[in-house]
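*Asks:* Okay, here's the structure, questions in a sec.
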């Protein structure tokens, strides 16, 4: 459910729209309880570069093209926020963004001793050693410099990023090119897992609206039922087309698996 923005316009030094076709956007990102949220990812869709909210939740976007624009705010663990705003040349809009918590469920993990890796990432390395599927750890993802999560998937053979219209602009839907015998090949949707739990992506949204590449420590991509490990074979959730397993940072986690040899 989208929440309305409360906008306030402030003139800037008497400049007219003829002198500059751009405006400025300032604001604050908070929780439902009014607590400021830091590190939220904020941008104007198709426009200004992405910025992060500060410790006080405040942010500023400058040089925004005048007219109707879509403000996008993303943070892992909160519902995606999109809102249509109207930018006036030479003026500043101040917005108040409230993010609604939507935590991703995590499986309980019992940790014994002091292992070098999180147990789930030890499993990642064991599966990688078997050679089925495609694997990327945190260091490899960082070297790609992905702008959005699906930029990583472009490097996997058989993965198709299908443009689709969404509620707030175009999305990239993830599909697998799957052979179907005498009828040739067809594209079918993949099943996502996030931190070991099945994660359904709604029809008009993309995985990019739930996961940011900088929050990911490992990715596993399995392009068919013969590759999928038993722990990720959820037939009731149509995993046969392919599975993409995403491991994200948890708590104070900052280190992913070591670089592949």
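Taken together, the values in this text are just the output of simple stated rules run on the coordinates, not laboratory data. Nothing here was measured: the structure is a model prediction, and the numbers come from that model. Here the Cβ positions follow ideal geometry from the backbone for every residue, glycine too, while neighbour counts run over all protein chains shown.
*Asks:* Arranged from highest to lowest average of other beta-carbon atoms within 10 Å per residue, in what order do the peptides 42-50, 212-220, 187-195, 240-248 appear?
*Replies:* By packing density, highest mean first, the sequence is 240-248, 212-220, 187-195, 42-50.
*Asks:* Express the relative contact order of segment 8-99 as a whole percentage, based on alpha carbon pairs under 8 Å and six or more residues apart in sequence.
*Replies:* Worked out over segment 8-99, it gives 41 percent.
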